[in-house]
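K.L.:
Just passing along the structure, written as structure tokens.
The values are calculated or read from the model by the stated rules, or taken from the named source; none is laboratory data. Keep in mind it's a predicted model, so treat the numbers as computed, not measured. No Cβ is skipped: glycine too gets one built from the backbone with ideal geometry, and neighbour counts run over all protein chains shown. Protein only, heavy atoms only, side chains kept; ligands, DNA and RNA dropped before computing areas. Shrake-Rupley method; radii C 1.70, N 1.55, O 1.52, S 1.80 Å.
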Amino acid sequence: MNLTEKEINKFNSFYDDACKKMEGLIILEGYTPKSPNFFEKRKIKKSIDLFKKALEIVPEHFPSLFFIGKLYQRLGKYEDSLSYFEKALIYEHSNHTLPQEASLVAMHLNNTEKALEYSLEAVRRKPDNIGVLGNHSMNLLIFGKDEEALLFIEKALSIEPSDQINIRIKKKIEDVISGNATRPTFKDSVG
């Protein structure tokens, strides 16, 4: 794509402004934030609008697509979020965070098929990442694929045997398989 200097400057301006507006509003790692307040929602919506203007200039810009997906996720608009993550997946083929986030949003939408497809894609992209392996194991367990879940969690623990989160996931898988625990739901896994 050949852009004029004016188009490049406009794109950079929209993208930079959008990034400034979203600072502190999305979480890329770790905990689930509380619902945004009125002023945060306004900033999120303005950031989305600016990213969309950047996309009018460069429609395949992966970071803009990804950040719009994250912002919609923050608003709890999971269908919109998944739509932007899926658009980003068309253009970006190595980043493991993208399919992992798409999987999480698909779980919110109770879309089993996509949740498993995207968590497996995250594993394909980053096969030695213990967080990605644990996430996929949990998805498999939730959807009744216990033996597969056990294989993936054992791989994660072979990489980092002392990881407490994956140790708990393995125990949960074993307890479900043995009948000592009920199958967790998605809400259980994030709650």
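K.L.:
Let me spell it out: the conditions are (1) over 24 Å from I177 (Cβ atoms); (2) at pLDDT 95 or above; (3) within 14 Å of the chain's Cα centre (by Cα), and D128 meets all of them except one. Which number is the exception?
P.N.:
Unmet condition: (3).
K.L.:
Consider only pairs whose beta carbons are under 6 Å apart and that are at least six residues apart or on different chains; among these, list those whose first residue lies in the stretch 2-20 and is under 17 Å from L65 (Cβ atoms) and whose second residue is open to solvent by 70 Å² or more (accessible area, probe 1.4 Å).
P.N.:
Partner pairs satisfying both residue conditions: F14/K53.
K.L.:
Related question: Does L104 fit the bill of being within 10 Å of the chain's Cα centre (by Cα), more than 17 Å from I153 (Cβ to Cβ) and either among the small types (G, A, S) or crowded, with 18+ Cβ neighbours inside 10 Å (or both)?
P.N.:
Criteria met by L104.
So that you can scan it fast, the table gives a plain yes or no per residue for (1) at pLDDT 95 or above; (2) part of a helix (DSSP H, G or I):
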position: L141; (1), (2): yes, yes
position: E147; (1), (2): yes, yes
position: P161; (1), (2): yes, no
position: E174; (1), (2): yes, yes
position: P184; (1), (2): no, no
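K.L.:
Test of understanding: among S35, S64, which residue is surrounded by fewer than 18 Cβ atoms within 10 Å (Cβ to Cβ), under 24 Å from H108 (Cβ atoms) and not β-branched (V, I, T)?
P.N.:
Of S35, S64, the one residue that is surrounded by fewer than 18 Cβ atoms within 10 Å (Cβ to Cβ), under 24 Å from H108 (Cβ atoms) and not β-branched (V, I, T) is S35.
K.L.:
Taking the stretch 9-22, which residues are within 12 Å of K46 (Cα to Cα) and not hydrophobic (A, V, I, L, M, F, W, C)?
P.N.:
Y15, D17, K20, K21
K.L.:
Looking only at the stretch 60-83, how many residues end up being closer than 13 Å to F14 by Cα and more than 15 Å from the chain's Cα centre (by Cα)?
P.N.:
Matching residues across the stretch 60-83 total 1.
K.L.:
I'd like to know if the stretch 78-87 contains one or more residues that are open to solvent by 10 Å² or more (accessible area, probe 1.4 Å), modelled with pLDDT under 95 and not aliphatic (A, V, I, L, M).
P.N.:
No, there is no match, as no residue in the stretch 78-87 is open to solvent by 10 Å² or more (accessible area, probe 1.4 Å), modelled with pLDDT under 95 and not aliphatic (A, V, I, L, M).
K.L.:
Which pairs turn up if I take residues in the stretch 109-123 that are touching a residue at least 12 places away in the same chain (Cβ under 8 Å) and look for partners that are of a type in the set (S, T, N, Q) and buried (at least 20 other Cβ atoms within 10 Å of the Cβ) with beta carbon separation below 6 Å, at least 6 apart in sequence or on another chain?
P.N.:
A115/S103; A115/N139; L116/N139; Y118/S103; S119/S103; S119/N135; S119/N139; A122/Q100
K.L.:
Being assigned to a helix (DSSP H, G or I), more than 28 Å from N2 (Cα to Cα) and touching a residue at least 24 places away in the same chain (Cβ under 8 Å): is that true of E79 here?
P.N.:
The answer is yes for E79.
K.L.:
On to the next question. For the stretch 112-139, give me each residue that is within 22 Å of L71 (Cβ to Cβ) and open to solvent by 50 Å² or more (accessible area, probe 1.4 Å).
P.N.:
Of everything in the stretch 112-139, just one residue is within 22 Å of L71 (Cβ to Cβ) and open to solvent by 50 Å² or more (accessible area, probe 1.4 Å), namely K114.
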